[in-house]
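Encoded as structure tokens, the structure appears first; notes follow it.
The values are calculated or read from the model by the stated rules, or taken from the named source; none is laboratory data. As the structure is a prediction and not an experimental result, all values here were calculated from the model. Note that each Cβ is placed from the backbone with ideal geometry, even for glycine, and that neighbours are counted across all protein chains shown. SASA here: full protein model, heavy atoms, side chains in, ligands and nucleic acids out. Shrake-Rupley method; radii C 1.70, N 1.55, O 1.52, S 1.80 Å.
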Amino acid sequence: MPAHGQTEALRLGVLTPLTGAGSFDGPRMLKAMQAVATEVNAAGGLLDRQISLVVEDDQTNPEPAVRAARKLIDVSKVPVIMGTWASAVTSAVAPVCWESKTFLTTVSGADSITLLPHQGYLIRTQPNNHLQAQKHAEFIASLGVKRVFCLGIQAPFALPTQKRLAEVLPQHGSELIGALTYEKEKTTYRSEIDQALRAKPDFLYLNGYAPDLTVLLRDLYRAGFDGGRFTQSYALTSKVLESLPAEVTEGVYTVQPSADVDSPAFGLAAKRLALEPDSYETQATDWISLVILTIAKAKEASGTALRDNVRKISQGSGLKVYSAVEGLKALSQGKEINYEGASGPCDFTDIGDIIDCKFRYQRIAGAKSKFLKIV
């Protein structure tokens, strides 16, 4: 309970992977959210209250994630949960949220997530699989690749990604010659690799997480595969690069949704964090900024208020604002606002998908990521 004369803090929930396969991104996303909360608290808080983030580790695992979500909702009574990363985790947590009328913001990309009957209690700033796979296929084909094979972990995004690659690659003079899904936590994937190489691909699309990608890349090197390899940056992390010999990762292409590096919001996030934030840090910046501004607009901290008002502050013809503090000031003056995020414009479809974004492509050289382009 607050001390006499003090107002109880306004609790907002964070459920993010501090351990497990997502542990490279989770702590950094948390830090980005904490930085915005600190800035808003220093400027006077939200609804005349200080913001308190209640943090739980989802362990990149659906079962503990659901238990943690129930704790946030039932014990801490938060109106929102921010930060789920793995699609399997978000798929498990989302029903707990909509059934309790708790708002959920996520970075998970599986198409199936926004197709759930979430009743509007969910938005994601990460492009869905359909958009990601389309952009990835266009980039891969631009390299002159003709024969692509997809190796993907058993996860909600695996089959939709394969399907979209098969649709888009032929439009650009390439083709998906085969695909398979594999189980996680295996010590070797040599049998899966042998199956893929029998199809004689000149390029492999590796669609998994850091632990399995580490094994895949090592086994591919041992198998003598000298074709191209492509994966998500969240899988080929700096920790993975450090754990493998440089020759094992040499030449691998990586991709991630790009932060809007030209946005004033990106510059503010960089200053706030004292570093150049990546896509996940900027998306986390945008989640908490959207939540804060929506609560201020609605003058109510509830999941239903967030659902009903989030688009009123993030899209439309209102005054463009680039931080939560700037937006709170404008709202206090009775102005309509349009929050433009560090990750890009925060414009959402009716089912909660981000409408568009750019992608950042890099290539590994000498165990380090070298920037190629943003498109």
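Side notes on the structure shown:
- All positions within the stretch 104-124 that are open to solvent by less than 10 Å² (accessible area, probe 1.4 Å), among the hydroxyl-bearing types (S, T, Y) and farther than 19 Å from Q256 by Cα: T114, Y121
- The lone exception for Q34 - which of (1) outside any helix (DSSP H, G or I); (2) polar (S, T, N, Q); (3) in contact with a strand residue (DSSP E or B) (Cβ under 9 Å, 6 or more places away or on another chain); (4) buried (at least 16 other Cβ atoms within 10 Å of the Cβ) it fails: (1)
- Restricting the stretch 215-252 to residues that are over 23 Å from G178 (Cβ atoms) and under 22 Å from the mean Cα position of the chain (by Cα), the residue that is surrounded by the most Cβ atoms within 10 Å (Cβ to Cβ): Y234
- I153 buried (at least 16 other Cβ atoms within 10 Å of the Cβ) and either modelled with pLDDT under 95 or more than 24 Å from the chain's Cα centre (by Cα) (or both): no
- Residues in the stretch 80-98 that are open to solvent by 10 Å² or more (accessible area, probe 1.4 Å) and hydrophobic (A, V, I, L, M, F, W, C): W85, A88, A92, V96, W98.
- Matching residues, the stretch 41-55, being surrounded by fewer than 22 Cβ atoms within 10 Å (Cβ to Cβ), among the hydrophobic types (A, V, I, L, M, F, W, C) and either touching an Asp or Glu at 6+ places or on another chain (Cβ under 6 Å) or at negative phi (or both): A42, A43, L53, V54, V55
- The single residue among K101, K77, K71 that is surrounded by fewer than 20 Cβ atoms within 10 Å (Cβ to Cβ) and in a helix (DSSP H, G or I) turns out to be K71.
- Some residue of the stretch 356-373 being within 29 Å of L72 (Cβ to Cβ), within 22 Å of the chain's Cα centre (by Cα) and at pLDDT below 95: yes
- Subset of the stretch 230-270 [under 17 Å from K135 (Cα atoms) and either modelled with pLDDT under 95 or not β-branched (V, I, T) (or both)]: F230, Q232, S233, Y234, Y253, Q256, P257, S258, A259, D260
- Scanning the stretch 183-229 for residues that are among the aromatic types (F, W, Y) and under 22 Å from Q256 (Cα atoms) turns up F203, Y205, Y209.
- Restricting the stretch 157-208 to residues that are within 24 Å of R363 (Cβ to Cβ) and among the β-branched types (V, I, T), the residue that is surrounded by the most Cβ atoms within 10 Å (Cβ to Cβ): T161
- The set of residues in the stretch 1-21 being over 23 Å from Y280 (Cα atoms), open to solvent by 30 Å² or more (accessible area, probe 1.4 Å) and modelled with pLDDT of 95 or more consists of A9 alone.
- Qualifying positions in the stretch 24-76 - closer than 26 Å to V240 by Cα and among the polar types (S, T, N, Q): Q59, T60, N61
- Complete set of residues in the stretch 43-91 that are polar (S, T, N, Q) and within 20 Å of the chain's Cα centre (by Cα): Q59, T60, N61, T84, S87, T90, S91
- For F24, the criteria (1) modelled with pLDDT of 95 or more; (2) open to solvent by 40 Å² or more (accessible area, probe 1.4 Å) hold in every case but one, which is (1).
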